[in-house]
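See structure below.
The values are calculated or read from the model by the stated rules, or taken from the named source; none is laboratory data. These numbers were taken from a predicted model, which means no experiment stands behind them. Ideal geometry is used to build each Cβ from the backbone, glycine not excepted, and the neighbour counts take in all protein chains shown. The protein model used for the area step is the full one, side chains on, heavy atoms only, and it has no ligands, DNA or RNA in it. Shrake-Rupley method; radii C 1.70, N 1.55, O 1.52, S 1.80 Å.
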Amino acid sequence: MSFSAVAVPLARCPAVPLDVARIREDFPILRQRIRGKPLVYLDNAATSQKPQVVIDAVTRFYAAENANIHRGVHYLSERATVAYDEAREKVARFLNAHSSREIIFTRGTTEGINLVAQTYGRTHLKPGDDIVITAMEHHSNIVPWQLVCEQTGATLRAAPISDQGELDVDAFERLLGDRTRLVALVHVSNALGTINPIKRLVALAHARGIPVLVDGAQAAPHLQVDVQNLDCDFFAFSGHKIFGPTGVGVLYGREALLERMPPYQGGGDMIATVTLQRSTWAPLPAKFEAGTPMIAQVLGLGAALDYVSKLGLDAIAAWEQDLLGYATERVSQIKGIRVIGTARDKASVLGFVLEGVHPHDIGTVLDDAGIAIRAGHHCAQPVMERFGVSGTARASFAFYNTRAEIDVLADGLMTVKKMFA
Ligand SMILES: Cc1ncc(COP(=O)(O)O)c(C=O)c1O
C-alpha cells in the first residue's frame, strides 16, 4: 500500500488485513531508539504518532501555502480557504454527518465539550434541571458540566459502572428524568477501554426528548463512527489522537441544535454584521469559529483522516482487537497483575495494577527498556476511586503496534516484578 497527501475518497473500505510492517515505515518516529532500545510506543490513548503524510501536509502549508483564510482576494488566501473547506468536507464524510455545516473545528475534544456546555448548556439549564454523565468519564466530560452547573444551579448526576467497568444501563435509564436536559457520555473509556452501547443509550435518552453528547476522543481513532447511525446530537474528538496534529479537534453538532445555540466566542469570522451597538452571527459553521483558526492543523487532520480511511477503520479495529486480546492474555499471566477494566466490549486500552508496585515505578522501569506506557489516573480520578486504586499502568494500542511489541512489554513487566519482589 502506498500513501500520498492528495485527497483520497473517504470510502468506507472493507476490512482487509493490515500490512503492519509496511505501515510502520510511514511513521518516522517509530524508527527511533530510546535509551538504546527500539521504541515500543504503547501510549496511543494519550496521543498517537503521525504518518509522514500528516507531517508533510503541515510542513507544505507553512513552506508553500501559508495565508489566512476567508479574508483575502489573493491566490494563496483563496487556495488556503479552499483547502480548509475541503478538510471540513472530509471530516463530514468521515463521521457521515448530514452536512459539513455540522462540523465545527475546535482545539480538541475538551474544547468541543466546553463549547456545548457554555452555549447549549448555559442557555437550557435552570435550577432543578440536571445533566447525566457516567462514572467512567474523562475529566473533560465532567469538569465543563460542573462549571455550567455552578453557573446555572443545575445538578450533575453520574450513572454507575460495574466491577468489570461496564455502564449499568438500568441505573442510567433510571437517572433520566423530566428535568434532564442533556446526557453526555464517553464512547470508549480512556481508562478502562470499555465501549459503551452508544446507539442504545441515545435511543433511551431520545425516547425522553433528551439530547446526547458523545465524547468520541478514544472512539474516532479505533471504531467506524457514523453519527447518523448513532443518532447522537453532538460528537467530539481530537486530531492528535487520530494521527493528526495537536491543537485541532472536531465538534459535530446536529444542525437544528447548532442553529439555535448562541456563539461560543466572539471575534472575527463568526459575524454577519457588526455595529458598535450589536452584532449578528455568521451562518454555520462560522458562527462557532471565532478568529483565525488552526489552518495548518486542520489540513494535517484532513491528511490523517485520508490515511486512516485508506487503511479502513474495520481493518484497524480487527487488528487492534487481536493486539488487545493477545496483550490481555500475556499480561494477565503475570502473577500479581490485576487488569482494571474487563468489559466484554473493549477497545485498545489495557489498564492494570501490579501488587506492591506503584504504577509510576512500572512506567519508569519500562521506559528504561524503550517502552512508553502511561501511569497515573489518566484524567479519570472517579474511575480510579471506583476501583479503589490511586492509578494504573496503561498500555494503549494503535494499528502500527505488533504482537512482538507486546512480548517486549510482557518481558519488561517481568523485569519490574523481579526488581520489586
Ligand atoms: C475519553 C477522553 N475524552 C476527552 C479527552 C480530552 O482530549 P483532549 O485533551 O485532546 O482535548 C481525552 C484525552 O485523553 C480522552 O481520552
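Pull out the extension gain between D19 and Q32, defined as 0.36 nm times the separation in residues minus the alpha carbon to alpha carbon distance; nm, one decimal. Could you put the intermediate results ahead of the total?
Numbers: separation 13, 0.36 × 13 = 4.68 nm, distance 2.01 nm.
My answer for the length gained is 2.7 nm.
For the full complex of protein chains and a 1.4 angstrom probe, list W319, W281 by accessible area with the highest value first.
Heavy-atom accessible area, descending, gives W281, W319.
What does the accessible area of K90 come to, in Å² to the nearest 10, when a probe of 1.4 Å is used?
30 Å²
What lysines does K418 reach when the alpha-carbon gap must be under 16 Å and sequence neighbours fewer than 8 apart in one chain are set aside?
Correct list for K418: K335.
Residue by residue, what Karplus-based ³J(HN,Hα) values in Hz, rounded to whole numbers, does the stretch 394-407 have, using 6.51, -1.76 and 1.60 with θ = phi - 60° and x for Gly and Pro?
The phi angles translate into 9, 9, 9, 10, 10, 5, 8, 7, 10, 4, 4, 5, 5, 4 Hz.
Quick check on packing: order 253-264, 222-233, 394-405 by the mean number of other C-beta atoms within 10 Å, highest mean leading.
In descending order of packing, they fall as 394-405, 222-233, 253-264.
Quick check: residue separation of S390 and V143 times 0.36 nm, minus the Cα distance between them. What number comes out in nm?
87.0 nm
Quick one: Karplus J couplings for the stretch 379-392, per residue in order, coefficients 6.51, -1.76, 1.60, θ = phi - 60°, nearest Hz, x for Gly and Pro?
So the J values, rounded to whole Hz, are 6, 9, 4, x, 5, 4, 4, 4, 9, x, 10, 7, x, 9.
So, with a 1.4 angstrom probe, what is the percent of accessible area on the chain that is carbon and sulfur?
Numbers: 9140 of 17240 Å².
With neighbouring chains kept in place, the figure for the chain is 53 percent.
With a 10 Å cut-off between alpha carbons and a GNM built on the chain, which of S332, S48, S189 moves the most?
In the Gaussian network model the winner is S332.
Per residue, how large is the accessible surface of the chain? Use a 1.4 angstrom probe and give square angstrom.
Averaged over the residues of the chain, the accessible area is 41 Å².
Collect residues whose amide H, placed 1.01 Å from N in the peptide plane, falls under 5 Å from the amide H of K346; neighbours closer than 5 in sequence don't count.
I195
Per DSSP H run of at least 4 residues, take -39500 (n - 2.57); add these up for the chain, divide by its residues and hand me the 222 nm value, nearest 500 deg cm²/dmol.
-10500 deg cm²/dmol, from helical runs alone.
I want to verify the translational diffusion coefficient of the chain in µm²/s; compute it with Stokes-Einstein, Rh as the Kirkwood radius over Cα pairs, at 10 °C and 1.306 mPa s.
71 µm²/s
Need the C-alpha centroid separation for the stretch 115-189 versus the stretch 222-263, integer Å.
18 Å
Starting from the Cα of K50, draw a straight line to each of the lysines and keep only those under 21 Å, dropping any in the same chain fewer than 8 residues away.
Once the sequence-local lysines are set aside, what remains near K50 is K37, K90, K241, K310.
Given H placed 1.01 Å from N in the peptide plane, which residues other than close sequence neighbours of A184 have an amide H under 5 Å from its amide H?
Counting only residues 5 or more places away or on other chains, the set is V132, I133, L213.
Report, in debye and to the nearest 20, how large the dipole of the stretch 54-310 comes out about its Cα centre when Lys and Arg carry +1 and Asp and Glu carry -1 on their Cβ.
Magnitude of the dipole: close to 440 debye.
Name the long-range amide H neighbours of D43: under 5 Å, sequence gap of 5 or more, or other chain; modelled H, no Pro or chain starts.
S396
Got a sec to turn the phi values of the stretch 408-414 into Karplus ³J(HN,Hα) couplings, 6.51 cos²θ - 1.76 cosθ + 1.60 with θ = phi - 60°, whole Hz, x for Gly and Pro?
5, 4, 4, 4, x, 5, 5
For a label point 7 angstrom out from the Cα of R122 toward its Cβ, which stretches of the stretch 153-173 have the backbone nitrogen within less than 17 Å?
Correct set: 153-154.
In straight Cα distance, which aspartates and glutamates are under 13 Å from K417, not counting same-chain residues fewer than 8 positions off?
E355, D361
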